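Right, one structure below, let's go through it.
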Amino acid sequence: MAGLTDKALVRERFRRTLGSYSDEAVVQKAMAGELVSMAARHAPSIRFERVLEVGSGSGVLTEQMLEAFSIARYTANDLVEESRECLKRIMDRHLEVVFDFLGGDVESLPFLPEQSDLVVSNATLQWLDDLDAFFGRIRESMAPGGLFVFTSFSSSNMQEIAALLGTALSYRTMAETRELGERHFEVLELREAEITLTFSSPEAVLRHISRTGVNGLNRERWTKGMQREFSDRYRSMFSRQEGVGLTYHPVYCCLRKREGCPL
């Protein structure tokens, strides 16, 4: 995607979907589960002193993290300030954890929590403009030996939408993700998967995209004619026996800050 992400539009789209995201975002919820499992495989113990989550949203990953690990202090960040209220309901069930919320664009925050021994992010990093600079800031804020565990999407994600509309986020290839990770960290695990969801109709695909907020790419309003043309082309190109498909390509990555890595 050329240019910078319209963060104001992304914020508004995700703000509107906070109530529906947890139920509709089945792929992202599964990705969160894989992220937790990956962190558990590579962590020296289930105890973390300081955890930072980037892109907490409605708390899909937050809840799984708090169930799986013993955490002393949990700091959550999200572009949408209203995410705080979703997380409060979760944190009220985990009163033993000190909880902080950092609202706003993580790329513009004046500071990040220091000495985090775990940083996590689920299905969020594709919205950032400068991942190289972001990885550098994360590395500098982490404790030596700390883990940075995230999920995102590969360059072939939602290829059906890209084929029809010619618009997509600037998803990175696996090679690009590996190169970026190795520039700042030790790569412990990097893999991708393919998940195809089946919907009854192209209109159902659009509803799914709208309810998960992942349509925050442009402000164009569709006419009925545009919607009809989209549906006809989608049905002709991507029909399956049970309906029509939408393909996700999640990426799973676990990085470790090198011991003694200078700030």
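This model, with +1 at the C-beta of Lys and Arg and -1 at the C-beta of Asp and Glu, gives the chain a dipole about its Cα centre of some 480 debye. Extension gain for Ser236-Leu9 works out to 78.6 nm (0.36 nm per residue, less the C-alpha to C-alpha distance). Here each label is just a point 7 Å from Cα along the line to Cβ, and for Arg16 and Arg228 those points are 2.3 nm apart. Tell me which of Cys254, Ala43, Gly103 sits at the most positive position along the dipole axis of the chain, charges placed on C-beta atoms (Lys, Arg +1; Asp, Glu -1). The listed residue farthest towards the positive side: Gly103.
Report the rotationally averaged projected area of the chain based on its alpha-carbon convex hull, in square nanometres. Can you show the working numbers first?
Working: hull surface 55.0 nm².
The Cα convex hull of the chain, projected and averaged over all directions, gives 13.7 nm².
Answer with one residue from Leu128, Gly145, His184: the one whose Cα lies farthest towards the positive end of the charge dipole of the chain, charges on Cβ with Lys, Arg +1 and Asp, Glu -1. Sorting the options by dipole projection puts first Leu128. The Ser201 and Ala30 beta-carbon pair, evaluated with R₀ = 22 Å, returns a calculated FRET efficiency of approximately 0.45.
Between Ala40 and Leu95, what is the FRET efficiency for a Förster distance of 22 Å, r being their Cβ-Cβ separation, to the nearest 0.05? It would help to have the intermediate numbers written out before the result.
Details: r = 23 Å, r/R0 = 1.06.
According to the calculation, E is roughly 0.40.
A short reminder: the numbers here are calculations on the coordinates, not readings from a lab. Bear in mind that the values here come from a model prediction, so they are computed numbers and not experimental data. Every residue, glycine among them, receives a Cβ derived from its backbone with ideal geometry; neighbour counts consider all protein chains shown.
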